[in-house]
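Worksheet: one structure, shown below.
The values are calculated or read from the model by the stated rules, or taken from the named source; none is laboratory data. The structure displayed is predicted, hence computed values, not measured ones. In this analysis, Cβ positions are derived from the backbone assuming ideal geometry, glycine residues included, and neighbour counts consider all displayed protein chains. Ligands, DNA and RNA are excluded from the accessible area calculation, which covers all protein heavy atoms including side chains. Shrake-Rupley method; radii C 1.70, N 1.55, O 1.52, S 1.80 Å.
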Amino acid sequence: MNDRAKSYRRFFLSVGLTIVAILVMTVTSFALWYRSVTVGGNTFQTGVVSININDGLPVITEEDFLFEPGATIVKEFFIENESTIEVYYRIYFENLDGALQNMQEITLLDGDDVIYNGTAAGLLKENAVISEDPLDIGEKVWLTAVFHLPEDGGNAAQEEAMCFDLCADAVQTRNNPDKLFE
């Protein structure tokens, strides 16, 4: 085979491989774009799970959190379902630090219903408050957090502090009757 024939052969091989690569990329792109897959008459749709907790604003600020024994602070906040599907949500404290975590009483209310009552240390991710009812797409639920420092905490409690992040997660309701988040 002469050099010219080898060049033509390499050229057509390169063109063929390029066409195959373009076809593979086109099929892959289409599969990513197409959000549902049909299998034997059943349609499965993918979705996005996303929630908004208080527009990213703190529920309670450091300035609000200057307690003396017997003091109570009440704060309202919301959780909004920005998903493409109904979701369950859970609320918990993360990055909890400070001596007040075992003294500070926290009550979370959904309307008049108490959904949590205990210390801050009792509301960690592993024992989070999980919503009883799902949030519909676009639904917003207003909750109330009541922070109370008991009178029996004494003056020593005034010298203590507590830092935390109030967090919320969501999980789809579909095919999740046990409200599993992991």
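Yes/no matrix, rows are residues, columns are (1) touching a strand residue (DSSP E or B) at 6+ places or on another chain (Cβ under 6 Å); (2) more than 17 Å from residue 72 (Cβ to Cβ); (3) of a type in the set (Phe, Trp, Tyr):
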residue	(1), (2), (3)
88	yes, yes, yes
102	yes, yes, no
118	no, no, no
123	yes, yes, no
129	yes, yes, no
164	yes, yes, yes
169	yes, yes, no
Inset, instruction - Of the conditions (1) out of contact with any Ser or Thr (no Cβ under 8 Å at 6 or more places or on another chain); (2) among the hydroxyl-bearing types (Ser, Thr, Tyr); (3) within 17 Å of residue 167 (Cα to Cα), residue 84 clears all except one; give me its number. - result: (3)
Inset, instruction - For region 56-78, indicate whether the set of residues that are exposed (fewer than 15 other Cβ atoms within 10 Å of the Cβ), out of contact with any helix residue (DSSP H, G or I) (no Cβ under 9 Å at 6 or more places or on another chain), on the phi > 0 side of the Ramachandran plot and outside any loop (DSSP other than H, G, I, E, B) is non-empty. - result: yes
Legend entry - In region 132-144, residue least open to solvent (accessible area, probe 1.4 Å) [restricted to those that are modelled with pLDDT of 95 or more and closer than 29 Å to residue 103 by Cβ]: 143
Inset, instruction - Considering only region 112-141, state which residues are of a type in the set (A, V, I, L, M, F, W, C) and under 23 Å from residue 177 (Cβ atoms). - result: 115, 128, 129, 130, 135, 137, 141
Legend entry - Positions within region 145-179 being of a type in the set (S, T, N, Q) and touching a Ser or Thr at 6+ places or on another chain (Cβ under 8 Å), in sequence order: 172
Inset, instruction - Run down 152, 178 and say which single residue is part of a loop (DSSP other than H, G, I, E, B) and either free of Cβ contacts under 8 Å to residues at least 24 places away in the same chain or open to solvent by 50 Å² or more (accessible area, probe 1.4 Å) (or both). - result: 178
Legend entry - Selection from region 85-105 of residues that are among the polar types (S, T, N, Q) and open to solvent by 70 Å² or more (accessible area, probe 1.4 Å): 95, 102
Inset, instruction - Evaluate region 115-127: report whether one residue or more is of a type in the set (Ser, Thr, Tyr), within 25 Å of residue 52 (Cβ to Cβ), free of Cβ contacts under 8 Å to residues at least 60 places away in the same chain and assigned to a loop (DSSP other than H, G, I, E, B). - result: no
Legend entry - Any chance residue 108 is part of a helix (DSSP H, G or I), open to solvent by less than 30 Å² (accessible area, probe 1.4 Å) and in contact (Cβ under 8 Å) with a residue 24 or more places away in the chain: no
Legend entry - Where a residue in region 61-80 is in contact (Cβ under 8 Å) with a residue 40 or more places away in the chain and its partner, wherever it lies, is of a type in the set (Lys, Arg) and open to solvent by 50 Å² or more (accessible area, probe 1.4 Å), with Cβ under 6 Å and at least six apart: 78/140; 80/140
